[in-house]
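**Student:** What follows is a single structure, and I will ask about it in a moment.
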Amino acid sequence: MLSPLILALAAMSSASVLPRAQDGSWAVAISSSAYANGFSSQKVTANYTSSAYPAGIVSTCTEEYNPGNTPAATKGCDNEAFKFEYDGQTIKLQQNIELPTAQTVFGEGSLELKISDSVGRTRSGEAVVEVTSAIA
């Protein structure tokens with residue numbers, strides 16, 4: 001028969017393995033296009049959800065290069081609390097949140113872009129990225 005102390009210790013140790021998953025995840029999508037005239041664009045949309053944000057926090061970032069414009073390169077995000085890096089294989093995400101406490105959550109995962117139009121100019125991909133760490 002297992003003693004109540006052993007059961008309590010088992011419950012505590014299994015709970016200590018789970019905290020990051022409780023911090024949420026992002027559903028992220030990337031679309032990237034490039035054309036012969038030099039124009040290129042990339043759009044990243046990420047929806048961060050957690051128990052504190054069940055409806056999610058949607059962030060959209062865009063980058064464009066248009067050789068006919070001055071400046072030719074523009075980029076920005078509609079949410080200053082969100083940041084990302086994408087190297088063509090791995091996406092790294094960062095989100096400042098206020099609930100349940102003010103903290104910054106981080107996650108990274110694989111994301112592969114595949115051709116998504118008939119002429120091969122647009123590539124897109126999606127992934128769900130779990131929070132892997134957080135700092136207050």
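No value in this document is a laboratory result; all are computed from the given coordinates. Every value quoted in this text rests on a predicted model; they were computed, and no experiment measured them. Every residue, glycine among them, receives a Cβ derived from its backbone with ideal geometry; neighbour counts consider all protein chains shown.
**Student:** Spin-label point model (7 Å from Cα, Cβ direction): what's the THR49 to GLN103 distance in nm?
**Tutor:** 2.0
**Student:** Hey, which aspartates and glutamates would be in cross-link range of LYS114, C-alpha to C-alpha under 15 Å, not counting anything within fewer than 8 residues on its own chain?
**Tutor:** Once the sequence-local aspartates and glutamates are set aside, what remains near LYS114 is ASP87, GLU126.
**Student:** How about LYS83: which lysines have a C-alpha closer than 16 Å to its C-alpha, ignoring those fewer than 8 places off in the same chain?
**Tutor:** By straight Cα distance, LYS83 reaches LYS43, LYS75, LYS92.
**Student:** Related question: So what is the relative contact order of region 22-135, in percent, for Cα pairs below 8 Å that sit 6 or more residues apart?
**Tutor:** So the answer I get is 26 percent.
**Student:** What's the extension gain from THR132 to LYS114 if we count 0.36 nm per residue and subtract their Cα-Cα distance?
**Tutor:** My answer for the length gained is 3.9 nm.
**Student:** First select every other residue whose beta carbon is under 14 angstrom from the beta carbon of CYS77; then total the charges, Lys and Arg +1, Asp and Glu -1.
**Tutor:** Here the charged neighbours net out to -2.
**Student:** Could you list, bin by bin from short to long, the percent of Cα-Cα pairs of region 47-136 in 10 Å steps?
**Tutor:** 14, 39, 31, 13, 2
**Student:** At most 11 other Cβ atoms within 10 Å and a DSSP loop assignment: could you name the GluC sites (Glu not before Pro) in region 44-81 that fit?
**Tutor:** Those that pass, being in a loop and sparsely packed, are GLU80.
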